[in-house]
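A.B. asks: Take this structure, written in structure tokens, and hold onto it; I'll ask about it next.
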Amino acid sequence: MMTARIFKISFLLLFIAASFTACDENPNAEMVENVDMFPMVEPEQEAIEITDRKLITNGRIEFETNDISQTRNNIITAVNKHRGYIAADEESSSTGRKTNTITVRVPSKNFDNLLADATAGVDRLDYKTINVKDVTEEFLDIEARLKTKKELEERYLEILEQAKNVTDILEIERQIAVLRSDIESFEGRLKYLENQVSYSTLHISFYESTPELSYNKNRFSESFANGWDNLVWFFIGLINIWPFIIVLIALVILFRYLRRRRKIRKRLRD
């Protein structure tokens, strides 16, 4: 009797899993069979579908400015105005150039306005690229799979309440744990996509050219300061080895004394 009950519950679990897998693999099967029952899609409906598309927008621009500090302030003002935030901020300098790169996250509906305000007064863009990725299909696919997984989880929970055998309970709980892992993975992916769709990313890189004369002047000042530091460290080094210096001076004096004495003896002999 126990074997029959186990076989019956196992068969029921396999049947539920197979039915949901079939639905997941071919979610449009019922729609294909009843396609003649639905009228043609009107143009207004198509417009609504396009409006509901899930789009991820990323942009990158680069330009030169005469005042890097003022440009930075203008960009920060524009970011605050359009309810964005700064995700990364990097400054660097090289020969004849100062560069500032800011990564901005802004609500997608404000992306174009932020781009316009950030580049206001810029005569020429050295670099500009805007990429738009359509993730509508992936978004809908994950939502459908997530719904199927949750429905299957509810069925397993109902069967778990009716199970009496420990072996059956453990097997059902194992299946529920696998489903819960898949559900959390799908929910995490959906959350990431929603964040990327809701907030667009714009990388703004701007630089200011600095004269070579100013650069050489700074190099001269640095070299002069380094020379003074090296001189100070030289004297500090001499102070650290003063016993050796005294011994060396004593040896030189002794050598010269012995050499002079030897010369005197040689003259006396002659």
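The values are calculated or read from the model by the stated rules, or taken from the named source; none is laboratory data. Owing to the predicted nature of the structure, the values given are computational and were not obtained by experimental measurement. A quick note on method: Cβ atoms are made from the backbone with ideal geometry, for glycine too, and the neighbour counts reach across all protein chains shown. These area figures cover heavy atoms from the full protein model, side chains too; ligands, DNA and RNA do not enter into them. Shrake-Rupley method; radii C 1.70, N 1.55, O 1.52, S 1.80 Å.
A.B. asks: Can residue 91 be described as at pLDDT 55 or above and open to solvent by 100 Å² or more (accessible area, probe 1.4 Å)?
C.D. replies: Criteria met by residue 91.
A.B. asks: Here is a further query. Looking at the stretch 55-66, which of its residues are polar (S, T, N, Q) and assigned to a strand (DSSP E or B)?
C.D. replies: 57, 58 - these are the residues of the stretch 55-66 that are polar (S, T, N, Q) and assigned to a strand (DSSP E or B).
A.B. asks: A further question follows. Is it the case that some residue within the stretch 63-72 is of a type in the set (A, V, I, L, M, F, W, C), touching a helix residue (DSSP H, G or I) at 6+ places or on another chain (Cβ under 8 Å), in contact (Cβ under 8 Å) with a residue 12 or more places away in the chain and under 28 Å from residue 197 (Cβ atoms)?
C.D. replies: No: the stretch 63-72 contains no residue that is of a type in the set (A, V, I, L, M, F, W, C), touching a helix residue (DSSP H, G or I) at 6+ places or on another chain (Cβ under 8 Å), in contact (Cβ under 8 Å) with a residue 12 or more places away in the chain and under 28 Å from residue 197 (Cβ atoms).
Quick grid of which residues meet (1) in contact with an Asp or Glu (Cβ under 6 Å, 6 or more places away or on another chain); (2) hydroxyl-bearing (Ser, Thr, Tyr); (3) farther than 30 Å from residue 62 by Cβ:
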residue	(1), (2), (3)
117	no, no, no
128	no, no, no
133	no, no, no
159	no, no, yes
178	no, no, yes
185	no, yes, yes
197	no, no, no
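A.B. asks: While we're on this one: Name the pairs: first residue in the stretch 123-143 and touching a residue at least 24 places away in the same chain (Cβ under 8 Å) and open to solvent by less than 70 Å² (accessible area, probe 1.4 Å), second residue of a type in the set (Val, Ile, Thr) and outside any loop (DSSP other than H, G, I, E, B), Cβ to Cβ under 9 Å, at least 6 apart or on different chains?
C.D. replies: 125/61; 126/61; 129/61; 130/57; 130/61; 135/56; 135/197; 139/197
A.B. asks: So how many residues does the stretch 190-231 have that are open to solvent by less than 60 Å² (accessible area, probe 1.4 Å), under 28 Å from residue 144 (Cα atoms) and either among the basic types (Lys, Arg) or at pLDDT below 75 (or both)?
C.D. replies: 0
A.B. asks: Farther than 30 Å from residue 82 by Cα, more than 21 Å from the chain's Cα centre (by Cα) and open to solvent by less than 70 Å² (accessible area, probe 1.4 Å): is that true of residue 168 in this structure?
C.D. replies: For residue 168, the condition - farther than 30 Å from residue 82 by Cα, more than 21 Å from the chain's Cα centre (by Cα) and open to solvent by less than 70 Å² (accessible area, probe 1.4 Å) - is met.
A.B. asks: Something else now. On the given criteria, is residue 145 within 28 Å of residue 54 (Cβ to Cβ) and charged (D, E, K, R)?
C.D. replies: Yes: the conditions hold for residue 145.
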